[in-house]
Number of protein chains: 2
Amino acid sequence: MAATKKTTANAKGLEDLFLDGLKDIYYAEKKILKALLKMAKGADQEEVTAAFEKHRAETEGQVERLDEIFDILGVPARGKTCPAIDGILEEGSEILEEYKGSPSLDAGLVGAAQAVEHYEIARYGTLIAWATLLGKTDIVDLLNATLEEEKATDVALTGLGETGVNDRAAEQKAA
Amino acid sequence: MAATKKTTANAKGLEDLFLDGLKDIYYAEKKILKALLKMAKGADQEEVTAAFEKHRAETEGQVERLDEIFDILGVPARGKTCPAIDGILEEGSEILEEYKGSPSLDAGLVGAAQAVEHYEIARYGTLIAWATLLGKTDIVDLLNATLEEEKATDVALTGLGETGVNDRAAEQKAA
């Protein structure tokens with residue numbers, strides 16, 4: 001076993017960490033639902049709006065999966081304030097305000113959406129590692145389904161940024 | 001060209017978006033430097049402390065690369081408050097407080113560090129896409145060097161989580 005620096009005296013364990021993490025992402029997903037509505041409405045190009053709307057529909061399914069997980073655990077589905085997602089989404093709101101009417105608005109929004117995706121990818125990845133150690137295989141399957149969706153969305157957003165949205169921003173700059 | 005819903009009237013363009021993004025990550029990297037110091041000091045197991053210290057040394061180099069980029073652009077190296085990283089690091093501080101003395105402390109800290117990594121991966125990825133479109137190839141190279149380091153750190157943290165830290169948390173739970 002690895003050397004440790006301190007004796008342990010806190011009864012909180014991996015189960016608590018896992019439950020805290022679930023509450024964190026539950027809060028985050030619900031905030032993301034609202035933010036994607038604003039971003040879809042605010043985006044300039046139809047393909048960007050469509051991408052955000054697709055992601056919003058997927059997020060609804062992800063919230064349902066979390067409800068199912070809370071149900072399996074026998075605890076009420078409840079969120080816990082997640083300052084990380086609040087901060088990430090605040091930056092998306094700043095883009096919407098500061099770049100409204102700019103040809104680069106959508107490039108900024110796609111960037112903001114990818115920051116959201118990566119937060120989710122990090123959190124679901126961690127939750128899967130913990131659920132695996134806790135032997136909760138049914139929950140691992142549900143979390144994996146969401147993680148795969150998040151990764152696919154990130155790839156789609158990268159494609160959108162590379163082929164359409166950012167080109168438009170660059171074209172306008174060159175004009 | 002894709003259909004657009006609005007006329008554009010905001011003079012801000014991709015150059016502004018790129019510079020805003022650089023200031024955002026500059027602020028973030030400096031905050032991360034301080035946070036990693038606290039996390040390395042607070043971690044229970046030596047291998048986790050070592051991982052955070054290694055990452056801290058790398059982050060110093062990443063700040064230097066950003067200084068170099070500001071220099072190439074001929075603008076002063078200045079950060080811009082980044083609510084996203086403030087929120088992400090706040091969650092790391094919560095873990096340090098709430099799980100102090102718990103066998104799961106390090107698992108929580110590794111999870112928090114991976115949320116930081118993914119924020120950086122998202123931001124550097126976006127900055128590289130924009131710098132490429134703006135034709136700033138020397139800057140793209142510098143940003144790519146950092147992105148590769150961030151990705152390697154994320155992989156190392158995943159390994160740490162899977163092999164040592166989380167196992168310890170699970171063992172303690174089973175004991």
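Just so you know, all these numbers are worked out from the coordinates, no wet-lab data involved. Not measured: the values here are computed from a predicted model. Here the Cβ positions follow ideal geometry from the backbone for every residue, glycine too, while neighbour counts run over all protein chains shown.
A few remarks follow.
- Exposure proxy shown here: for A:Thr137, B:Thr81, the number of other Cβ atoms within 10 Å sets the order, fewest to most, as A:Thr137, B:Thr81.
- The label-point distance for A:Ala50 and A:Lys100, in a model that sets each label 7 Å from Cα toward Cβ, rounds to 2.6 nm.
- Anisotropy class of region A:32-105 from Cα gyration tensor, a/c 1.5 cut: oblate
- Legend: distances between Cα atoms for A:Lys41/B:Lys80; B:Lys41/B:Lys100; B:Lys54/B:Lys136; pairs beyond 18 Å are A:Lys41/B:Lys80; B:Lys54/B:Lys136.
- Shielding by partners for peptide B:14-22, expressed as the average number of C-beta atoms from other protein chains within 10 Å of each residue's C-beta, is 5.
- Helix A:14-42 and the longest principal axis of the C-alpha atoms of chain A enclose an angle of approximately 10°.
- According to the Cα-based calculation, Rg over Rh for region A:79-124 is 1.05, with Rh computed by the Kirkwood formula.
- Taking other C-beta atoms within 10 angstrom as a stand-in for reagent exposure, A:Glu120, A:Glu58, A:Glu148 fall in the order A:Glu148, A:Glu58, A:Glu120, fewest first.
- Computed from label points 7 Å out along Cα-Cβ, the spacing between A:Asp138 and B:Lys151 is 3.8 nm.
- For region A:1-127, the Kirkwood estimate of hydrodynamic radius, built from reciprocal distances between every pair of different alpha carbons, is 16.2 Å.
- Other protein chain C-beta atoms within 10 Å of residue C-beta, averaged over A:132-142: 2.
- Extent along principal axes [Cα atoms of the protein assembly as shown; Å; largest to smallest]: 68, 43, 25
- Angle between chain A longest axis and helix A:137-160 axis [Cα atoms, degrees, rounded to 10]: 20 degrees
- What separates the B:Lys80 label point from its copies, with the point 7 Å along Cα to Cβ, is 3.3 nm, written shortest first.
- The value of relative contact order for chain B, using C-alpha pairs under 8 Å at least six residues apart, is 25 percent.
- Exposure here means at most 12 other Cβ atoms within 10 Å; with trypsin sites (Lys or Arg not before Pro) in a DSSP loop as sites, the longest stretch of chain A lacking them is A:79-175.
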